[in-house]
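Just so it is clear, none of the values below were taken in a lab; they were calculated from the coordinates. Everything numeric here is computed off the predicted structure, so don't read it as measured data. Methodologically, a virtual Cβ is constructed for each residue, glycine included, from the backbone with ideal geometry; neighbour enumeration extends over all protein chains shown.
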Amino acid sequence: MKLPNHKLIQSCKTRWNSVMDMFARLLEQRWAVTAVLSDRTVTKLQDARVLELTDEYWGIIGELAPLLETLKCATTVMTSEKTVAISHIYPITYSIVKKHLLVAADDRPRGRSLRGRFNDH
């Protein structure tokens, strides 16, 4: 496996964007995580059963990561102390609502549900 040598990232309750960072790192390191959890010399079977992610969960992470990345980027720009300007708020918000949060024909059920919630408001 030729993967970057990165540690996994844990989410933090007080920093919502840490979930996006955690998802991105999990997706990057998916095969390494799977290999470690499958290796009984490293991980006990009972621990692996608790920690293993099903294909469904990997799919959910893959669906949500791009959406969360968009929201993280927008949040970072709008909360920057050095470059924030009121003129950024409308274009960023408009782009998120009209482009990134629209339900697409190829959305999987979870992504469709999440995007649909944003469109209901």
Original post:
What is the distance, in nm, between label points placed 7 Å from the Cα along the Cα-to-Cβ direction at ARG108 and at ASP39?
Top reply: 2.7 nm
**OP:** May I ask for the Rg/Rh ratio of region 17-119, computed from Cα atoms with Rh as the Kirkwood radius, given to two decimals?
**Re:** 1.11
Subject >> Those GluC sites (Glu not before Pro) in region 15-84 that DSSP places in a loop and that have at most 16 other beta carbons within 10 Å >> reply: GLU52, GLU81
Original post:
Within the chain, which complete DSSP H helices have Cα atoms spanning at least 30 Å along the helix axis and a mean Kyte-Doolittle hydropathy of -1.0 or higher?
Top reply: 55-78
**OP:** Straight distance only, please: which aspartates and glutamates reach the Cα of LYS7 with their own Cα at less than 14 Å, same-chain residues fewer than 8 apart left out?
**Re:** ASP21, GLU28
Original post:
So how far apart, in nm, are the two label points at THR93 and TRP58 if each is 7 Å from Cα heading toward Cβ?
Top reply: 4.0 nm
Subject >> Value of [θ]222 nm, deg cm²/dmol, for the chain, DSSP H segments ≥ 4, -39500 (n - 2.57) each, nearest 500 >> reply: -19000 deg cm²/dmol
Subject >> Full-stretch length increase - THR14, THR75 - with 0.36 nm per residue and alpha-carbon distance subtracted >> reply: 20.5 nm
